[in-house]
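Before any comments, here is the structure.
The values are calculated or read from the model by the stated rules, or taken from the named source; none is laboratory data. Remember, it's a predicted structure, so these values are computed and weren't measured experimentally. So basically every Cβ, Gly included, is an ideal-geometry build from the backbone, and we count neighbours across all protein chains shown. What goes into the accessible areas is simple: the full protein's heavy atoms, side chains included, and nothing from ligands, DNA or RNA. Shrake-Rupley method; radii C 1.70, N 1.55, O 1.52, S 1.80 Å.
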Amino acid sequence: MAIQIVKWNIEEETGYKPITTFWQDFSIADKFGLPAIRDTFDRAFAEWKGNYKYLTELVMVLNHKIWQFYNMSKKAQEEGNETLAKKYESFSRLYDELWRRADGYACYYLKGEEAVYYFNVTD
């Protein structure tokens, strides 16, 4: 099974150079559905929440995934494909839930220079 991964154009948009494979990891999980997305998050968050740079990138990826699937849902809706629109909306909602969890953790636990880094990069 060949999996096409949509390029994350964050570097072109903001100059931020990714340091993890989170975008690719979640893009692969997308192909396997909601349980795979949640599992990918649970593993990444548990492993990397103590690394403020990785946590920052995780939050960024989750945020971009929210909007990727929100836009895909709207497009499917415009094309009259309600089934696909609902699927993409459920992905967007899950990514929003996961983003809120990771962002809340970062906002609560990161202090000093780590917090400065987080807010500068995610701003």
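Summary table below
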| read-out | value |
| --- | --- |
| Selection within segment 14-42 - assigned to a loop (DSSP other than H, G, I, E, B) and open to solvent by less than 20 Å² (accessible area, probe 1.4 Å) | Gly33 |
| Sole exception among (1) open to solvent by less than 70 Å² (accessible area, probe 1.4 Å); (2) in contact with a Leu (Cβ under 6 Å, 6 or more places away or on another chain) for Ile66, by number | (2) |
| Any hit, segment 53-61, residues being open to solvent by 70 Å² or more (accessible area, probe 1.4 Å) and closer than 22 Å to Asp123 by Cα | yes |
| Of all residues in segment 43-52 being among the small types (Gly, Ala, Ser) and outside any loop (DSSP other than H, G, I, E, B), the one that is most open to solvent (accessible area, probe 1.4 Å) | Ala46 |
| Selection status of Asn71, without any contact (Cβ under 8 Å) to a residue 24 or more places away in the chain and open to solvent by 70 Å² or more (accessible area, probe 1.4 Å) | yes |
| Boolean, Glu11 is part of a helix (DSSP H, G or I), touching a Lys or Arg at 6+ places or on another chain (Cβ under 6 Å) and open to solvent by 70 Å² or more (accessible area, probe 1.4 Å) | yes |
| Condition met for Ala2 (over 15 Å from Arg100 (Cβ atoms), assigned to a helix (DSSP H, G or I) and not charged (D, E, K, R)) | no |
| Tabulated pairs, segment 108-123, first surrounded by 10 or more Cβ atoms within 10 Å (Cβ to Cβ), second among the acidic types (Asp, Glu), C-beta under 9 angstrom, 6+ apart or interchain | Val121/Glu57; Thr122/Asp103 |
| Hey, Lys86 open to solvent by 80 Å² or more (accessible area, probe 1.4 Å) and more than 30 Å from Glu113 (Cα to Cα) or not | yes |
